[in-house]
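> One structure is given below, represented as structure tokens, and several questions about it will come after.
Every number in this text was worked out from the coordinates using simple rules, so none of it is lab data. What you see is a predicted model; the values in this text were computed from it and never measured. Positions of Cβ are backbone-derived with ideal geometry, glycine not excepted, and every protein chain shown enters the neighbour counts.
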Amino acid sequence: MVQRVEVRSDELRRAAELMAQIGAALDSAHTGLGRILTAAGTPWSDDGYGSTFYGGDGKNPGYGAGRDSVLKGLGDLVTTVSGYSTNMRTAADDLDGADDYSAATLTRR
């Protein structure tokens, strides 16, 4: 039982470009958020309330840990989405190469 497989590499490349645009938008958001948070500085006080807000209360992480986690997660998302774009382009090129090789090999027989 043979099943037909069809790949439209031109559509895969268009999807890769859209994924690259999404990655660029996420990267811009990540960079912008980092700048805004840095520019905001530390508007909380250094008293007990401020220390608890930033460092947590022992049971719950504070703002500092939450901020770092969000920035890391967003950075990881940028890396992942950008990687998808690159891999989609590579797959389209590899599929075209395999198709070209198959066509050339079959033509010679």
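> About the Cα centre, and with charges only on the beta carbon of Lys, Arg (+1) and Asp, Glu (-1), how big is the dipole of the chain? Nearest 20 debye, please. Could the numbers behind the result be given before it?
On the way: 11 positive and 15 negative charges, 44 e Å.
Roughly 220 debye for the chain.
> Right, next: May I ask you to list the GluC sites (Glu not before Pro) in region 1-44 that are in a DSSP loop and have at most 14 other Cβ atoms within 10 Å of their Cβ? Don't skip to the answer; put the middle values down first.
Details: sites: E6, E11, E17; in loops: E6.
Answer by residue number: E6.
> Which label marks the calculated value of Rg and Dmax of the Cα atoms in Å, given the options (i) 24.0, 83; (ii) 15.0, 49; (iii) 13.7, 39?
So the calculated entry is the one marked (i).
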